[in-house]
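Here's the structure, in structure tokens; my notes come after.
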């Protein structure tokens with residue numbers, strides 16, 4: 001009987017705690033006038049969200065609702081809808097002083113408490129910006145994606161427009177370089193580790209190549225497929241994705257977004273000795289799952305991406321840089337050599353075999369200091385919330401002390417022009433279709449800033465493109481070195 005009573009009391013306590021949690025969770029989404037505000041849609045694997053969530057919400061309000069809303073804390077507005085939050089209060093790092101109201105409704109700009117815009121880089125458009133910009137407004141950029149998504153941030157004139165940044169660059173205000181790595185433990189885990197002798201046997205018993213390549217984005221600024229196609233002349237590469245396809249994945253693993261961390265994909269990669277970790281665009285600190293996945297499963301990555309990727313390795317000898325070889329043929333020779341020398345091969349897996357991370361690496365320091373998590377970390381949250389809090393806390397500081405100024409730097413994103421390869425796999429500068437796209441963006445930005453200088457804020461996308469085309473086409477006709 002006592003046991004039953006105790007169980008009953010425990011169940012009641014649990015139910016009470018759940019009710020308390022949802023009560024306070026609900027309070028976060030209550031406006032100052034007591035009206036429920038809306039739902040927050042923050043996910044890390046983002047699907048296509050319907051903007052009608054925002055437009056329908058605005059329709060139900062009077063014109064002066066947003067400007068007259070009784071809000072007593074700084075207002076931050078996502079100009080480019082990203083979280084699809086119609087409005088909520090947030091408190092950062094349990095800091096009662098750093099409290100802000102965050103919304104994706106642009107009309108809150110008219111409220112006296114409005115302080116900053118938040119922009120998601122992929123959706124940033126020159127013809128759709130809050131212009132003219134008012135002196136008290138601060139602009140904030142979050143862009144964890146590749147420069148392929150938007151070349152505008154590769155130019156200093158645009159980066160100078162921002163006050164706060166969260167990008168993959170280590171020098172950003174909120175560095176997202178490790179956005180695809182959950183923890184250091186993932187790199188030390190031996191769940192998928194396969195002995196080198198077994199890997200060698202698998203090349204015969206399962207007809208595996210020394211190298212695996214899984215890519216389905218076949219038109220990229222890095223032009224990686226041109227290089228891989230040449231590499232394939234000198235060494236066998238099993239290509240499972242849509243690009244240079246020569247080997248089939250099981251049907252349930254063919255969606256590259258949904259299966260990139262699938263257990264069966266990890267098991268497949270672990271069977272190979274080497275993985276081509278070639279990014280879709282080349283920029284310092286742009287590092288994705290292509291880099292981390294082979295390290296997590298005990299396969300040696302061959303890297304083409306960040307020119308400083310070594311800073312984020314578990315130690316100084318755990319990956320191979322494609323750029324260390326002048327041609328694909330020379331890289332293939334080296335891989336052939338490692339493929340038949342177990343000792344040399346395992347020297348690249350020392351960190352994994354002995355579960356040791358060099359304490360002085362930038363990777364170790366970054367992961368120890370990182371305040372956010374991935375895979376919907378319930379304890380630390382995600383980098384989106386951390387970015388909102390960074391801006392919120394800085395806004396409070398500038399309100400307390402107007403002499404404090406924040407200014408983004410070119411190196412908070414700025415990426416080099418895209419390159420390509422010739423028929424022999426040797427790098428070509430200032431050439432190729434993606435270089436043309438980069439240069440056309442330069443022309444667009446020249447037009448954009450001239451319009452701002454003229455205080456002309458009513459231009460359209462067509463206006464910018466037409467003016468940019470007139471500058472772009474003659475320039476490229478003069479440059480005969482372009483293909």
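Table for the structure above
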| item | result |
| --- | --- |
| Debye equation applied to the C-alpha atoms of region 184-363, log10 I(q)/I(0) at 0.13, 0.16 Å⁻¹ | -0.61, -0.98 |
| R0 of 22 Å, Cβ-Cβ distance residue 202-residue 354: FRET efficiency to nearest 0.05 | 0.45 |
| Modelled FRET efficiency - R0 60 Å, residue 134 with residue 233, Cβ distances, 0.05 increments | 0.55 |
| Packing rank of 394-406, 439-451, where each peptide gets the mean count of other beta carbons within 10 Å, highest leading | 439-451, 394-406 |
| Pair residue 461, residue 216: separation of 7 Å Cα→Cβ label points (nm) | 2.6 nm |
| Net lengthening on full extension, residue 123/residue 254 (0.36 nm per residue, minus Cα-Cα) | 44.4 nm |
| Residue exposure sequence - 317, 164, 375 - by fewest surrounding Cβ within 10 Å | 375, 317, 164 |
| Sum of -39500 (n - 2.57) over DSSP H runs of 4+, divided by residues of the chain (222 nm, nearest 500) | -10500 deg cm²/dmol |
| Cut-off 16 Å (backbone N to label point 7 Å along Cα→Cβ of residue 371), residues of region 171-190 | 172-177 |
| Rg to Rh quotient for region 255-353, alpha carbon positions, Kirkwood Rh | 0.95 |
| Which of 54, 176 has the fewest Cβ neighbours within 10 Å, and the rest in rising order | 54, 176 |
| Label point at residue 245 placed 7 Å out along Cα→Cβ; residues across region 256-298 whose backbone nitrogen lies under 13 Å | 256 |
| Cα coordinate range in region 211-261, projected on the principal axes (Å, largest first) | 31, 24, 15 |
| Structure-derived P(r) over Cα pairs in 20 Å bins from 0, in percent - corresponding label in [x] 14, 22, 14, 9, 9, 13, 15, 3, 0; [y] 20, 48, 28, 4, 0; [z] 17, 28, 37, 15, 2, 0 | [y] |
| Inter-part distance where region 199-223 and region 54-114 are each reduced to a Cα centre, Å | 48 Å |
| Difference of contour (0.36 nm per residue) and Cα-Cα distance, residue 470 to residue 428 | 12.5 nm |
| Order by protection proxy (mean Cβ within 10 Å, highest first), peptides 64-70, 410-416 | 410-416, 64-70 |
| Region 309-387-region 402-439 distance, computed between alpha-carbon centres (Å) | 24 Å |
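Readers should treat all values here as calculations from the given coordinates under stated rules, not as data from a laboratory. Predicted, not measured: the structure shown is a model, and the values here were computed from it. We place every Cβ from the backbone using ideal geometry, glycine too, and count neighbours over all the protein chains shown.
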